[in-house]
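Undergrad: Here it is, the structure in full.
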Amino acid sequence: MTQNIFEQAIKAVIDGDVDTAAELARRGLGEGLDPLELMTNGFIPGINRVGDLFGSGKLFIPGLVKSADAMQKATAIINAAIPQEQETVNGKIVIGTVEGDMHDIGKTIVVSLLRANGFEVLDLGRDVAPHRFIEEAEKFKADIIGSSTLLTTTMVVQKELEEALKKAGLKEKYKTIVGGAPVTQRWANRIGADAFAQDAGDGVKKVRHLLAKLP
Ligand code: B1M
């Protein structure tokens, strides 16, 4: 039964079927499935398959956009169902997708899970320039700046953010965390980011570690 719903979710995303994706998200939650499990075993493998099809020239932009719409609809329904921690914990994070990059599905899942764990999060959305991450972090009195990127061509903006922080004399003030499909621990080390997270759950874990290191 559960396996069946995961398979249907994968198919709905590949087909770019927004209504079915939404219905499956609601049905899965209604049947008591854990929101993250539904995402991890159903919708995320679906959009990853779409990425593979697109990458190998078997799917084109209109199909990619339809699948992204189905994924976004399901993600919005599932994110809204993640139980929220009532008490806020100490820790403020500004997070965004870097300049030049419009991919925000994964970043939005990370934001939801951080909020669900009681962190205060300012979501800057997508296409965020390094100077804006810094300005918003200053205004929000953030502890951590998180950046996401899905394009290999925009990974460099994460490096520019580190450089901008150093130039402004703020590198010691903020911890930084980087993520996104092409991002690795090796990349984080190379650019001087304080942490890398593989997925949303890992993001929560790494944010906790970073906060524990703050003075
Ligand atoms: Co685009 N796209 N796309 N796309 N797209 C990729 C990334 C691509 C790999 C597809 C492919 O070719 N196989 C490819 C990039 C290739 C490369 O860079 N080498 C690509 C391309 C080429 C493009 C365009 C250039 C296509 C074109 O127009 N010719 C264009 C770029 C536009 C732009 O940004 N300037 C484009 C556009 C789009 C859509 C708009 C149609 C849509 C995005 C819609 C949206 O996000 N609102 C889209 C989609 C959906 C994808 C794929 C298929 C799926 C991305 C996704 O949502 N994954 C993607 C293929 C792929 O990645 N497999 C692809 C699901 C999501 C849950 O995972 O984002 O990795 P992810 O997030 C994870 C972790 O990475 C981590 O946690 C998340 C949850 O587990 N994580 C963090 C992410 N951020 C984090 C931050 C953290 C911590 C963890 O701390 C701060």
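Undergrad: Considering the alpha-carbon set of region 24-74 alone, what are its Rg and its Dmax in angstrom?
TA: For region 24-74, the Cα radius of gyration and maximum Cα-Cα distance read 12.3, 37 Å.
Undergrad: Could you tell me how many degrees, from 0 to 90 and to the nearest 10, lie between the Cα long axis of helix 61-80 and the main elongation axis, the longest principal axis, of the Cα atoms of the chain?
TA: Helix 61-80 and the main axis of the chain meet at about 80 degrees.
Undergrad: I'd like the GluC sites (Glu not before Pro) in region 23-77 restricted to DSSP loop residues with at most 11 other Cβ atoms within 10 Å, sorted by number.
TA: Counting only loop positions with at most 11 other Cβ atoms within 10 Å, the GluC sites (Glu not before Pro) in region 23-77 are GLU31.
Undergrad: Which ³J(HN,Hα) values in Hz, rounded to whole numbers, follow from the phi angles of region 144-152 under the Karplus curve 6.51 cos²θ - 1.76 cosθ + 1.60, where θ = phi - 60° and Gly and Pro get x?
TA: Ordered by residue, 3J(HN,Hα) equals 10, 10, x, 10, 10, 8, 10, 9, 5 Hz.
Undergrad: So, one more: Step through the residues of region 155-163 one at a time and calculate ³J(HN,Hα) from phi using the Karplus curve (6.51 cos²θ - 1.76 cosθ + 1.60, θ = phi - 60°), rounding each to whole Hz and writing x for Gly and Pro.
TA: Per residue, the Karplus-derived 3J(HN,Hα) values read 4, 4, 5, 5, 5, 4, 5, 4, 5 Hz.
Undergrad: Using the Karplus curve 6.51 cos²θ - 1.76 cosθ + 1.60 with θ = phi - 60°, what ³J(HN,Hα) values do you get for each residue of region 170-178, in whole Hz, with x for Gly and Pro?
TA: Along region 170-178, the couplings run 10, 5, 7, 6, 10, 8, 10, 10, 10 Hz.
Undergrad: What lysines sit close enough to LYS58 to cross-link, taking a C-alpha to C-alpha distance under 27 Å and skipping anything fewer than 8 places away on the same chain?
TA: Counting by Cα, and skipping residues close in sequence, LYS58 has these lysines nearby: LYS11, LYS66, LYS73, LYS107.
Undergrad: With the chain treated as a Gaussian network of Cα nodes joined by springs under 10 Å, which of SER56, SER147, SER112 yields the largest mean-square fluctuation?
TA: SER56
Undergrad: To continue, here is another question. Can you tell me the 0 to 90 degree angle between the C-alpha axis of helix 18-30 and the longest principal axis of the chain, rounded to 10?
TA: Relative to the chain, helix 18-30 is tipped by roughly 80 degrees.
Undergrad: Helix 200-213 sits at what angle to the longest principal axis of the chain, using alpha carbons and giving 0 to 90 degrees rounded to 10?
TA: Relative to the chain, helix 200-213 is tipped by roughly 20 degrees.
Undergrad: Let me ask something additional. Provide the descending list of Cα extents for the chain along its principal axes, expressed in whole angstroms.
TA: Principal-axis extents of the chain (Cα, largest first): 53, 42, 26 Å.
Undergrad: Around GLY146, which amide H atoms from residues at least 5 apart in sequence, or from another chain, sit under 5 Å from its own amide H, with H modelled in the peptide plane?
TA: HN-HN under 5 Å from GLY146: VAL94, ILE95, GLY96, ILE177.
Undergrad: Next up: Can you give the three extents of the C-alpha atoms in region 89-181 along their principal axes, from longest to shortest, in whole Å?
TA: Here the spans come out as 34, 31, 17 Å, largest first.
Undergrad: Of the residues ALA80, ALA195, ALA12, which exhibits the maximal mean-square fluctuation in a Gaussian network model of the chain defined by a 10 Å Cα contact cut-off?
TA: Maximum fluctuation in the GNM of the chain, among the listed residues, is at ALA80.
Computed from the coordinates by the stated procedures, all read-outs in this text should not be read as laboratory data. Bear in mind that the values here come from a model prediction, so they are computed numbers and not experimental data. Neighbour counts run over all protein chains shown; Cβ positions are idealised from the backbone, glycine included.
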